[in-house]
Amino acid sequence: MAGKTLFEKIWDKHVVTIVDGGPSVLYIDRHFVHEVTSPQAFAGLKDRGIKVRRPEKTVATADHNIPTIEQELPIRDELSRFQVNKLALNCEEFGVPLYGLNHKWNGIVHVIGPELGITRPGMTIVCGDSHTSTHGAFGSIAFGIGTSEVEMVLATQTLLQNKPKTMRINIDGELGNGVVSKDIVLYIISQIGTGGATGYFVEFAGSSIRSLSMEARMTICNMSIEMGARGGMIAPDETTFEYIKGREFAPKGTEWDKAVEEWRQLPSDADAEFDKELQFKASDIEPMITYGTNPGMGIGISSSIPNLEDIEKSTQATFSKSLQYMDFMPGDAMIGKKVDYVFVGSCTNGRIEDLRAFAEFIKGKKKADNITAWIVPGSHQVEAQAEEEGIRQILEEAGFEMRQPGCSACLAMNDDKIPEGNYAVSTSNRNFEGRQGPGARTMLVSPLTAAATAVTGKITDPRDFL
Amino acid sequence: MPIDKFVKLESTCVPVPIENVDTDQIIPARFLKATTREGFGDNLFADWRYDKSGNPKKDFVLNDPTFSGQILVAGQNFGSGSSREHAAWAIVGYGFKAVVSSFFADIFKNNSLNNGLLPVQVSKEFLEVLFQSIEKDPKTKVVIDLENQKITLQPNGPSESFDINPYKKKCMLNGFDDIDYLLNINNEIESWEKAHS
Ligand code: SF4
């Protein structure tokens, strides 16, 4: 019999039972909860008169709706305020730990789980949010769920799931100068499309992946959902253990040694078989940028938008509609295009390493006058560390301001919206029509490309400065 | 939320012959701030249904009294985009009990079944016949028989079989949802927890 994949090892261990002619009942180790997709689930529990089965395996935070300035004040938008308050009431009633607004551990759900040591290898992790795939960077099975499923996990700590197929994507070789993990994942999506991994759980592997920090690995797993995958994961190794060690909720003492021993057994066996395998070379990847309205419409920054003839017949209509929305022409070069906003943040690139990379790049330079920049840490801990490392000061000297943590301009649910028709270079994960505000035009990039663009005021290849 | 039983449905249909209807069109993001499942039906297809000042747009089918019923018939690839369950709530909230299309996005299908809304996937040809018949006579009725997994145009057909996961079928027929099922196997969950603590 062939060996097992990382995914299969974790999945098999968590199957409680299999429904006749149906899905598996999967036990869930960690459930993250936020204000937008949970109120109806808590209401469902109340209707049924039942409790949260394992409040200690559940953690809540408020992130989507919150403002990123003046967080000390009541939230101005009435509906947002109500939703955030509702979360607090529900957590109180059901005994779920909440790191709400102004808590020192508050932040974007996919940033705080890892940084508190709650996210660990071998776990099954869910959240009512598609970017839950982020946590897979630790070698866990992590995926987004709908609100009925949130209710299901709150009530029973289990979930009915059909077992997805497995795919391994290998990226080997050394990354070029100015090329970072965001470019790797945007490159993969540009190659296989937004449906390229539909129905699969993806393991990212290969020497390029192994060389990445945990922050960089999270960026890749975060966007696995944008290639259609149910989730993404990376085998745990010394880098993983080093990151977790000593964090708030990480195992300590002999517990730690025991845990690491178990985690070492997780990586896919050498003879494990995947339903599909793909291979990419790091040397083929340059800094990436999207030009359209889905994350698959990405190109190397030095190349031009494809011509209509180069696009497959069936997607030509979508392609044209997309360019019309962006007000770009087929064949246009991306470099030099005018930009109005630069957004650095989100669960994709709002971690300390991202702020560091941005700050290091702009140090001693100045923000271009035509640019409005929103630099938003992913959590209070990231904010505090940025403070400590002098990043805030570097930003301010260059004319940038660091805001307070939250999802911010990643989606237009809070006050941070890109005005209609404006161009935003963004380190987030979705460039859908209206995602950053009605009529907003988004181009997805890495923090380095965002930095280069912020100082010149137009789309700029970060390698020009390196 | 306990769901309504679904055994057999006979109804007229509301046609939306548009392809790739995504969840943002079914229920725009600005309506996601609610904290209950109620009221989403009022905003189903909001941007197609109302103009900027909130007046019904005459040319959209939901505002056309000619068409009514509990079956929504939609173009290929219905329900793609974000995983928001609010899309299913909006369709159920409006009063639909089944959606017929030639292809559904995965998560939407799941979300529908979790809310007692039956997604019926038919062939492209059958869908075409449906659209034409409804167009010709808006009073045309369709029978969806879940027990026999059959959809039939009244009075004389044609008719086509559709697929559904046997477990989900049982849930729909009995008005159980997944939570009822999981609560019932509490013993097994408990033993799993004991074995893994
Ligand atoms: S930062 Fe964006 S993608 Fe991430 S959880 Fe918040 S809204 Fe979702």
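The values are calculated or read from the model by the stated rules, or taken from the named source; none is laboratory data. It should be emphasised that the depicted structure is a prediction, and the values quoted were computed from it without experimental measurement. Backbone-built Cβ (ideal geometry, glycine too); neighbour counts: all protein chains shown. Side chains included, ligands, DNA and RNA excluded: accessible areas come from the protein's heavy atoms. Shrake-Rupley method; radii C 1.70, N 1.55, O 1.52, S 1.80 Å.
Across bins of 5 angstrom width beginning at 0, how are the C-alpha pair distances of the stretch A:1-94 distributed, in whole percent?
That works out to 2, 11, 16, 16, 15, 13, 10, 7, 6, 3, 1, 0, 0, in percent per bin.
If each of residue B:68 and residue A:308 carries a label point 7 Å out from its Cα toward its Cβ, how far apart are those two points in nm?
Reported label-point gap for residue B:68 and residue A:308 is 4.5 nm.
For residue B:185, what is the net charge nearby, where nearby means another residue's Cβ is under 15 Å from its Cβ and Lys, Arg count +1, Asp, Glu -1? Write down the numbers at each step before the final one.
Values: positive: A:53, B:170, B:194; negative: A:20, B:177, B:178, B:180, B:188, B:190, B:193.
Spelling it out: positives minus negatives among the neighbours equals -4.
Run the Debye formula on the Cα coordinates of chain B, all scatterers equal and no solvent, and tell me log10 I(q)/I(0) at q = 0.15, 0.16, 0.18, 0.19 1/Å.
The Cα Debye sum returns log10 ratios of -0.91, -1.03, -1.26, -1.38.
Along the stretch A:423-429, what does the Karplus equation 6.51 cos²θ - 1.76 cosθ + 1.60 (θ = phi - 60°) give for ³J(HN,Hα), rounded to whole Hz, x for Gly and Pro?
9, 10, 9, 9, 8, 7, 10
Which far-off residues, 5 or more places away or on another chain, put their amide H under 5 Å from the one on residue A:231, with H placed in the peptide plane?
Here the answer is A:202, since their amide H atoms fall under 5 Å of that of residue A:231.
Please compute how much accessible surface disappears when B pairs with A, both sides summed, using a 1.4 Å probe, and round it to the nearest 100 Å².
The contact between A and B buries close to 3200 Å².
With θ set to phi - 60° and the Karplus curve 6.51 cos²θ - 1.76 cosθ + 1.60, what are the ³J(HN,Hα) couplings of the stretch A:4-16 in order, to the nearest whole Hz, using x for Gly and Pro?
With coefficients 6.51, -1.76 and 1.60, one gets 9, 7, 3, 4, 5, 4, 6, 4, 4, 5, 9, 6, 7 Hz.
Using only Cα atoms, locate the centre of the stretch A:316-378 and the centre of the stretch A:90-168, then give the distance between them in Å, rounded to an integer.
Here the answer is 29 Å between Cα centres.
Whose amide H sits under 5 Å from the amide H of residue A:169, counting only residues 5 or more places off or on another chain, with H placed in the peptide plane?
Amide H to amide H, under 5 Å and 5 or more residues apart or across chains, residue A:169 pairs with A:203, A:204, A:205, A:278.
Kirkwood Rh over Cα pairs of the stretch A:368-413 into Stokes-Einstein at 25 °C, 0.890 mPa s: D in µm²/s? Write out the running numbers ahead of the final one.
Numbers: Rh = 11.3 Å.
Rounded, D is 217 µm²/s.
How large is the charge dipole for the stretch A:116-238, taken about the Cα centre, if only the Cβ atoms of Lys, Arg (+1) and Asp, Glu (-1) carry charge, to the nearest 20 debye?
260
For A:314, A:303, A:426, what's the largest-to-smallest order of accessible area, 1.4 Å probe?
Values: A:314 90, A:303 45, A:426 0 Å².
Descending order: A:314, A:303, A:426.
Around residue A:17, which amide H atoms from residues at least 5 apart in sequence, or from another chain, sit under 5 Å from its own amide H, with H modelled in the peptide plane?
A:25
Starting from the Cα of residue B:57, move 7 Å in the Cα-to-Cβ direction to define the label point; list residues of the stretch A:428-466 whose amide nitrogen is under 20 Å from there.
Correct set: A:433-435, A:437-440.
Per DSSP H run of at least 4 residues, take -39500 (n - 2.57); add these up for chain A, divide by its residues and hand me the 222 nm value, nearest 500 deg cm²/dmol.
After summing the helix terms and dividing by the residues of chain A, the value is -9000 deg cm²/dmol.
Under a Cβ-only charge scheme (Lys and Arg +1, Asp and Glu -1), can you give me the dipole magnitude of the protein assembly as shown about the Cα centre, in debye to the nearest 20?
It works out to roughly 760 debye.
Residue A:328: accessible area at probe 1.4 Å, nearest 10 Å²?
10
Please give me, ordered by residue number, the trypsin sites (Lys or Arg not before Pro) of the stretch A:383-427 that lie in loop per DSSP and have at most 15 other Cβ atoms within 10 Å.
Filter output for the stretch A:383-427: empty list.
Looking at A:322, A:282, A:233, which one has the Cα that reaches farthest to the positive end of the dipole of the stretch A:222-325 (charges on Cβ: Lys, Arg +1; Asp, Glu -1)?
So the residue we want is A:322.
What length, rounded to one decimal in nm, is gained on full extension from residue A:162 through to residue A:48, with 0.36 nm per residue of separation minus their alpha-carbon distance?
Values: separation 114, 0.36 × 114 = 41.04 nm, distance 2.58 nm.
So the extension gain works out to 38.5 nm.
Please work out the FRET efficiency for the pair residue A:89 and residue A:283, using the Cβ-Cβ distance as r and a Förster radius of 41 Å; give the result to the nearest 0.05.
0.15
Quick one: the Cα spread of the stretch B:123-169 along its three principal axes, in angstroms, biggest first?
Largest to smallest, the principal-axis extents are 37, 20, 15 Å.
Just the ratio, please: alpha-carbon radius of gyration of the stretch A:221-339 over 2.2 N^0.38 Å, N its number of residues.
My calculation over the Cα atoms of the stretch A:221-339 gives 1.58.
Exceeding 20 Å between C-alpha atoms, which entries from my cross-link table qualify? They are B:8/B:150; A:163/A:281; A:337/A:367; A:4/A:276; A:321/B:136.
A:163/A:281; A:321/B:136
How far apart, in nm, are two points set 7 Å out from the Cα along the Cα-to-Cβ line at residue A:264 and at residue A:69?
With each label placed 7 Å out from Cα toward Cβ, I get 5.2 nm.
Once Rh is set to the Kirkwood radius over Cα pairs, what Stokes-Einstein translational diffusion coefficient, in µm²/s, holds for the protein assembly as shown at a temperature of 10 °C and a viscosity of 1.306 mPa s?
Approximately 62 µm²/s, per Stokes-Einstein.
Where in the stretch A:74-163 are there trypsin sites (Lys or Arg not before Pro) that are in a DSSP coil and have at most 16 other Cβ atoms within 10 angstrom of their Cβ?
A:76, A:104
Taking the 0 to 90 degree range and rounding to the nearest ten, how far is the long axis of helix B:124-136 tilted relative to the main principal axis of chain B, both from C-alpha atoms?
Tilt relative to chain B: about 50 degrees.
For labels at residue B:174 and residue A:56 in the simple 7 Å Cα→Cβ model, what's the distance in nm?
3.3
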